[in-house]
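Okay, so here's the structure we're looking at.
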């Protein structure tokens, strides 16, 4: 490891003599890497961070979030809420254009409310099988039909079946982006790699697994004062899988931005307290804040599934024993440089209303309790328990090995199965892995978003309940919370649901994350937000010699 970073310092010295900040022909090109890969540029499939980040540059919806997670107008210039919070009427801007494309005869077309009606209808089309279809269940009436409609070119209305306070934030999700019907009709399934949107950038090139290039949309409708956005001329995404190689490219100035931290360069880039290493203060900038992201391990709770039928994880006592069997505080200190908060409470992360340390009591390190639970389940000291397989990705291998070692000390044998990120996501969605590493980044800033992972109606693939957890008491509380407009009472319901999750242990909650953004010194206005949404329309890149 030491030799690797000696090499880095040599490379840094070599490139410092070169004009590595200049881009071709004076163009400002923002470059970042996506190690986990991008599977689709269709917003109907913007279900993970890699896809969401790309779609956020290509599309727009009715509303958007600012860096403080406030709801702001986007294509909708204004809206009214009536009928006791159930009916939303949006007035659209009349200057938003879809990007020039062959499907539109290379003539940019104006967006209308009928495009939103089409886009929303497509999300809930069972033939499309969008993982975002569940979000529009809030506007499904008693007859099973969806209550959204274009009244004219600039007026779009929808009616909730019941009051739901976080609904506007939900509409900021990339699933709710507007697309033209002409593009889907022409490209069909190839729309995933031939997107047509309204965003600040449009797709120029996508060689899957190698490079993706987006160019500036010269007709973009948003302005920063008198200046039309975006400032950047292009965005260039590479797909280097090895995180150490990514850091080398960043150190050489070939990448402008990195998100998060990897074990291969963690101790080189950060101090033990999670600050930027003083050796890099003149080379890079670090932006950090609490992150609405809960990292966890999930159990498939469907005992009828072949993968679970003879697996000891179907026993609550074994799931609880695993939860008590490793030290989260030590894990964060030594493997994460204290970046993030140990998850000693529930699924709701630190920073959201509903995160209540007085009402929700989570798991803590207690190996004696783990042994007692195993004995109660009929596996004293792990005898007869067999091997439990945990499916993960290379990025989380260090954490999984740490958990493996600590559980091994109390008699729980863990086998680690490492998969490519896209492969693991697919297996989880198809309920093919009984024990898996997962994470949930807030789609909208309300604790309900985390609790929706555990409602019976949200079983994947149509919904986000990847564990197939089903609990009648939980579902009753969830429905009560959705109808409750009193925030204090709703947050109390949230805490009660969170405690049920702890008690039944469908997950092993690891930690509440922290946003870490590393950028070159010549990148300005990158910004940050608790959802770690990458928004590049206001980013500036200074060309230096």
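Throughout, read-outs are computed from the coordinates displayed, never taken from laboratory work. No experiment lies behind these values; they were computed from the predicted model shown. Heads up, the Cβs are rebuilt from the backbone with ideal geometry, glycines too, and the neighbour counts pull from every protein chain shown.
Above 20 Å lies some portion of the pair distances; for the range 289-398, what is it as a whole percent of all C-alpha pairs? Before the final figure, lay out each step's value.
Working: 3065 of 5995 pairs.
Cα-Cα pairs in the range 289-398 separated by more than 20 Å: 51 percent.
For the range 291-514, what proportion of DSSP beta bridges, expressed in % and rounded to the nearest 5, is antiparallel?
On the way: 14 of 22 bridges.
Expressed as a percentage, antiparallel bridges in the range 291-514 total about 65.
For the range 32-112, taking the reciprocal of the average inverse distance between every pair of different Cα atoms yields a Kirkwood hydrodynamic radius of 15.1 Å.
If one puts a single equal scatterer on every Cα of the range 449-545 and applies the Debye formula without solvent, what log₁₀ I(q)/I(0) results at q = 0.16 Å⁻¹? Taken in order of the listed q values, log10 I(q)/I(0) reads -0.80.
In what sequence, highest mean first, do 323-331, 350-358, 35-43, 122-130 appear when ranked by Cβ atoms within 10 angstrom?
Details: 323-331: 19.9, 350-358: 17.3, 35-43: 21.9, 122-130: 15.1.
Those peptides, ordered most packed to least, come out 35-43, 323-331, 350-358, 122-130.
For the peptides 488-499, 139-150, the ranking by packing is 488-499, 139-150, with the highest mean count of neighbouring Cβ atoms within 10 Å listed first.
List 332, 347 from most exposed to least, where exposure is judged by having the fewest other Cβ atoms within 10 Å. Numbers along the way, then the final one.
Working: 332 21, 347 26.
The most exposed by this proxy come first: 332, 347.
Both radii were evaluated on the Cα set of the chain; the Rg over Rh quotient, with Rh as the Kirkwood radius, amounts to 0.97. Over the Cα atoms of the range 489-545, the radius of gyration divided by the Kirkwood radius equals 1.26; this is the Rg/Rh ratio. Taking the square roots of 5 times each eigenvalue of the Cα gyration tensor of the range 291-514, largest first, gives ellipsoid semi-axes of 26, 19, 18 Å.
Ranking of 531, 427 by neighbouring Cβ atoms within 10 Å, starting from the fewest: 427, 531.
Would you mind putting 184-192, 284-292 in packing order, based on average other-beta-carbon counts within 10 Å, highest first?
Values: 184-192: 15.0, 284-292: 18.3.
Going from most to least packed, we get 284-292, 184-192.
Helical content of the chain, expressed as a calculated mean residue ellipticity at 222 nm, amounts to -7500 deg cm²/dmol (DSSP H runs of 4 or more residues, -39,500 (n - 2.57) each, divided by residue number, nearest 500).
Treat the range 52-191 as a sphere of radius equal to its Kirkwood radius over Cα pairs and apply Stokes-Einstein at 25 °C in a medium of 0.890 mPa s; give the translational diffusion coefficient in µm²/s, rounded to a whole number. Intermediate values should be presented prior to the final figure.
Details: Rh = 15.6 Å.
In µm²/s, the coefficient is 157.
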